[in-house]
Amino acid sequence: MNQEIVVPVSSLILKIKNVLNQNINLSNIWIQGEISNLTKHRSGHYYFSLKDSYSEISCIMFSSYVKLLEFQLEEGMSVCIQGNINVYEQRGTLQLNVKTIRTNGIGDLYLQFEQRKKKLSQQGYFKDDHKKEKPEWIENIAIVSAKDSAALQDVLKTIRLRFPIMKMKLYPAYVQGNQASRSIIQALLKADVNHHDAILLVRGGGSFEDLFCFNDEELVKTIYRLNTYIVSGVGHESDITLCDLVCDQRCATPTAAAQFVSADLKELKDRCIHLKKQCISNMNHLIQYKKSQFQYLKNQPYLMDPHSYIIDKKMRLDSYLYAFLNCKEQISNKHYDIHLKYNTIKTQSDYLIKKYKNEFKQIPLTESLKQYYDTNQNHFYKNISLLEAYSPLKVLERGYSITQKNGKIIRSLDDVNIDDSILIQLKDGNIDAKITGKGIRYAKENEISGSDESTG
């Protein structure tokens, strides 16, 4: 009887891992596939799947290897990977520990696209402030596209349905292949000098490789320098080229570009009808207003009888003339009166000047000034004597004193309290004192005190 062997799951997974590591050497093998479910972890590690049409395998690229990448890894890129096979023991899943990644096929083109996009963006070719505003009216356009292409037919059909009177001129160019970018540049330069209202650069859908000619760096710079308003309609809505970014307007498809530059004839007709009605309404209002103005002027009395207007103005002019003559006479009378008074005042002034001039000559000036000086000097000395007599300092010289508290003179017992500090001013200095008691002092008859000291 065979003996059963029981092992835990972890032992089985570990055995499988050892077998794979010992028997599978991927050091010289590049694995090709497409990046899917890419997650860039904040730790710096990349987690993603590598898949082809039939299979898919989980991958991890640690941050130390991520730092060595020379390009940005993006979802959908076709790449070749080199690394080691590994088994994630906790889940028992197979994964690749990726060490090196290089682009493959379309991946190389995508890398070129991103590098050119970054470079041209830094140089300012995609800035909105350089883009030209759409012309207010577009009726003459240039179309740069392949001759007899589906995109051209879509544009022509759309414009003929919407705005049949549009003037259109085709500037044929290759829109795929090695010569495409050079051909498109020559067509754009020809169209730019012919004074079109707008240029349409259109091409139908295609693969990334087919549309790569619209990512040419020289083509981007040429579009940037054009003087004519330019609209791109390259590929489908999901297709983005560098030409789309530099053009003044990007449309999702050639048909959308044709719709953008062409007016809808039906809408224009409706608008013209609306404007016509609006003009008629405005003219009717204006006519009614002018009629009311005319009726008002027609009813004016002066217009009904112009002669009465002349008579009225003549009568008013006569009244102004009479008032003017009357005022002139009054001014003349005032002038005569002023002249008369002026002569009278002048005569009296001359008489008084002559009179007082003679009197002034008869007064001895020196004696008068001396008499005035002596009188005022005596008056000055008299005032000085009065000031000295009433001076408080003279009183202090006679033995009196001045007692103060906080800068105020003490005139009564009520002005001080026990323990108050006081200042006693004498003729030759001051004494600081303190109140120890208060009481009424009875002086002898005819006794004169020499100080204001109080006793308790």
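The values are calculated or read from the model by the stated rules, or taken from the named source; none is laboratory data. The shown structure was predicted, so the numbers you read here are calculated from the model rather than taken from an experiment. Positions of Cβ are backbone-derived with ideal geometry, glycine not excepted, and every protein chain shown enters the neighbour counts. Quick note on the areas: whole protein, heavy atoms, side chains included, nothing else; ligands and nucleic acids left out. Shrake-Rupley method; radii C 1.70, N 1.55, O 1.52, S 1.80 Å.
Any aspartates and glutamates with Cα under 15 Å of the Lys99 Cα? List them, leaving off those in the same chain fewer than 8 positions away.
Reachable aspartates and glutamates: Glu70.
Counting each pair of different Cα atoms once, what's the Kirkwood radius of the stretch 18-159 in Å, rounded to one decimal? It would help to have the intermediate numbers written out before the result.
Numbers: mean 1/r = 0.0522 Å⁻¹.
Result for the stretch 18-159, one decimal place: 19.1 Å.
Once you charge only the Cβ atoms, +1 for Lys and Arg and -1 for Asp and Glu, what is the size of the charge dipole of the chain about its Cα centre, to the nearest 20 debye? Write down the numbers at each step before the final one.
Values: 60 positive and 52 negative charges, 417 e Å.
Its charge dipole is roughly 2000 debye.
Can you tell me the Rg and Dmax of the stretch 207-284, counting just the alpha carbons, in angstroms?
19.1, 64
Enumerate the amide H contacts of Ala198 below 5 Å, restricted to partners 5 or more residues apart or on another chain; note that Pro and chain-start residues carry no placed amide H.
Answer set, sorted by chain and number: Asn140, Ala142.
Kindly count the pairs of lysines across the stretch 133-242 whose alpha carbons are less than 15 Å apart, treating pairs on different chains or eight or more residues apart as eligible. Let's see the in-between values first.
Values: Lys147/Lys157; Lys147/Lys169; Lys157/Lys167; Lys157/Lys169; Lys169/Lys190.
Value for the stretch 133-242: 5.
Stokes-Einstein D for the stretch 229-377 at 20 °C, 1.002 mPa s, Kirkwood Rh over Cα pairs, in µm²/s? Please list the in-between numbers first.
On the way: Rh = 28.3 Å.
Diffusion coefficient, whole number: 76 µm²/s.
For Met168, Met283, what's the largest-to-smallest order of accessible area, 1.4 Å probe?
Accessible-area ranking of Met168, Met283, largest first: Met283, Met168.
Which net charge results for the neighbourhood of Gln259, defined as the other residues with beta-carbon distances under 15 angstrom from its beta-carbon, given Lys and Arg at +1 and Asp and Glu at -1?
Numbers: positive: Lys134, Lys157, Arg160, Arg162, Arg250, Lys266; negative: Asp154, Glu237, Asp264, Glu267.
Taking every other residue near Gln259 into account, the sum is +2.
What number comes out for the charge environment of Ala173, summing +1 per Lys or Arg and -1 per Asp or Glu over other residues with Cβ under 11 Å away? Spell out each step's value before the answer.
Values: positive: Lys147, Arg182, Lys190, Arg203; negative: none.
Summing Lys/Arg as +1 and Asp/Glu as -1 gives +4.
Given the stretch 125-257, report the % of alpha carbon pairs whose separation exceeds 17 Å. If you can, show how the numbers build up before the last one.
Working: 4662 of 8778 pairs.
Of the Cα pairs, 53 percent sit more than 17 Å apart.
Given R₀ = 30 Å, FRET efficiency for Lys266-His236 by Cβ-Cβ distance, to 0.05? Kindly include the intermediate steps, with their values, before the conclusion.
On the way: r = 28 Å, r/R0 = 0.92.
It comes to 0.60.
Please list log₁₀ I(q)/I(0) at q = 0.07 Å⁻¹ for the chain, using the Debye equation with identical point scatterers on the alpha-carbon positions.
-0.70
Gain in length, Asn282 to Asn227, computed as 0.36 nm per residue apart minus the alpha-carbon separation, to one decimal in nm?
The span from Asn282 to Asn227 would gain 15.8 nm if fully extended.
Considering the options Leu69, Ile402, Ser349, tell which one lies farthest towards the positive end of the dipole of the chain, charges being +1 on Lys and Arg and -1 on Asp and Glu at the Cβ, about the Cα centre.
Result: Ser349, furthest along the dipole toward the positive end.
Would you rank Thr403, Thr93 by solvent-accessible area, highest first, keeping every protein chain in place and using a 1.4 Å probe?
Ranked from most to least accessible, the order is Thr93, Thr403.
Let me spell out the model: positive unit charges on the Cβ of Lys and Arg, negative unit charges on the Cβ of Asp and Glu, origin at the Cα centre of the stretch 227-355. What dipole size does that give, in debye rounded to 20? Could the numbers behind the result be given before it?
Details: 18 positive and 13 negative charges, 279 e Å.
For the stretch 227-355, the charge dipole is close to 1340 debye.
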